Amino acid sequence: MKYYLICGERSGDLHASNLIKALKTKDAEAKIRGIGGDLSKAAGMKLHAHYKDIAFMGFVEVFLNLFTIFNVLRKAKKDILAFQPDAIILVDFSGFNMKIAAFCKENNIKVFYYISPKVWAWNTKRAYKIKKLVDHMFVILPFEKEFFATYDYKVDYVGNPLRDAIASFTPNNNFIQKHQLNAEKKLVAILPGSRFQEVTMLLDRMVEVAFDFPNIQFVIAAVSNLDSAMYEPYKRHNVKIVTDETYDLLLHARAAVVASGTATLETCLFNVPQVVCYRLNTLSYYIAKAVLSVKYISLVNLIVDKPIVKELIQGDCTIQNIRAELEQLLPETAYRKDMIAGYHEVSSRVGDTGVSEKTARLIIQYLKGEPEYVHELN
């Protein structure tokens, strides 16, 4: 069968790539095309466009780049019609992907959604639109199935794909030596995000705190989809940079300073105590504050609906507050132990491995019209 897949940022590319591998394993004739990144391409998808062309964060940033986004959207619609897929598979990235869903519905193309739009966070009535446009949705957070049930919309909870990503990770035993780190010294991982806006808003203050801990090693988790020149100014005596080695970095970290997003859950699943940071430009922040209807911004806290990790949002995201958190996380404190205990509760709720395989199986079975088999899986 032919599948057209769209993701719009780095974490989506990771999950899409694992789904592509699973689809190819279960469907030997699979032809996959779409919008993604280097990982999706390596997994076997022919790229129509790269997600870097549309990966903007924040209301204002999206508005300022609307021409670029709509240009990619227009070309994607043409490409979908030319490819004539049996199904479109949308991965997260709701602003763009819901427009694609509407287009595909108009053209009688089956629509699957993997990693649902966060409608529970703001404007919950968007769930009605999803129900109308999306044939089948696969959710990855435990509370989402119950949420959509209140709208009489049956979705499949498949577990969290980070389980697969971490399970397939092979540690580099030479990581410490490769980056000339000191195995005897404590290490703080700095995860500033994978989008340009995130890094520019957060990295300055994340790194500045290193001055207050001269005997601690700080290592920035850089990503190859951003220009390496963005990170270079932050190199100093106790700050180093590694690129596309986040899991190896977390494996050796005593604590972490993390941009809100997928990385907060990854850090949790590696059992690394963290402080979560979140900043937008002022206008985007006040728009977000006005529309959001959730108590927390980090996945760790959202999953258990209580504060496991400290969230430093906008004005609270200061060097002083980051320092105060690290002072509690680096020693063997009760605060640190309580956070790790909370992680165990989070981990117990995110499901087991095999998420990509299960999702691929469900997609194929739905396309073949075998609902009874599908119900047996749930």
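The values are calculated or read from the model by the stated rules, or taken from the named source; none is laboratory data. A quick note: this is a predicted structure, and the numbers were derived from the prediction, not measured. Virtual Cβ from ideal backbone geometry, glycine too; neighbours counted across all protein chains shown.
What is the residue count in the stretch 326-361 for residues that are of a type in the set (A, V, I, L, M) and in contact with a helix residue (DSSP H, G or I) (Cβ under 6 Å, 6 or more places away or on another chain)? Step through it out loud before you land on a result.
Taking the stretch 326-361 as the starting set, the residues that turn out to be of a type in the set (A, V, I, L, M) are 326, 329-330, 334, 339-341, 346, 350, 355, 360.
Imposing the further condition that a residue be in contact with a helix residue (DSSP H, G or I) (Cβ under 6 Å, 6 or more places away or on another chain) reduces the set to 329, 346, 355, 360.
Final tally of qualifying residues: 4.
Restricted to the stretch 25-45, and to residues there that are part of a loop (DSSP other than H, G, I, E, B) and aliphatic (A, V, I, L, M), the residue that is surrounded by the fewest Cβ atoms within 10 Å (Cβ to Cβ) is A28. Condition test on I109, is it in contact with a Phe, Trp or Tyr (Cβ under 9 Å, 6 or more places away or on another chain), of a type in the set (V, I, T), over 19 Å from F148 (Cα atoms) and surrounded by fewer than 22 Cβ atoms within 10 Å (Cβ to Cβ)? So I109 fits the description; yes.
Sort out which residues of the stretch 325-357 are crowded, with 16+ Cβ neighbours inside 10 Å, in a helix (DSSP H, G or I) and either under 19 Å from the mean Cα position of the chain (by Cα) or small (G, A, S) (or both), and write them in order of number. Scanning the stretch 325-357 gives G342, Y343, V346, S347, V355, S356, E357. For the stretch 215-232, name all the residues that are in a loop (DSSP other than H, G, I, E, B), surrounded by 16 or more Cβ atoms within 10 Å (Cβ to Cβ) and in contact with a Ser or Thr (Cβ under 9 Å, 6 or more places away or on another chain). Those that are in a loop (DSSP other than H, G, I, E, B), surrounded by 16 or more Cβ atoms within 10 Å (Cβ to Cβ) and in contact with a Ser or Thr (Cβ under 9 Å, 6 or more places away or on another chain): V223, N225, L226, Y231.
Of Q320, Q328, Q314, which residue is modelled with pLDDT under 95, in the same structural domain as T262 (by TED's automatic domain parsing) and among the polar types (S, T, N, Q)? Before the answer, list the steps.
Numbers: Q320 fails: modelled with pLDDT under 95; Q328 fails: modelled with pLDDT under 95.
The conditions single out Q314.
The residue list A22, A101 contains one member that is of a type in the set (G, A, S), under 19 Å from D164 (Cα atoms) and crowded, with 21+ Cβ neighbours inside 10 Å, which is A22. Residue selection: Q274 fails the criterion of being surrounded by fewer than 23 Cβ atoms within 10 Å (Cβ to Cβ) and within 21 Å of T318 (Cα to Cα).
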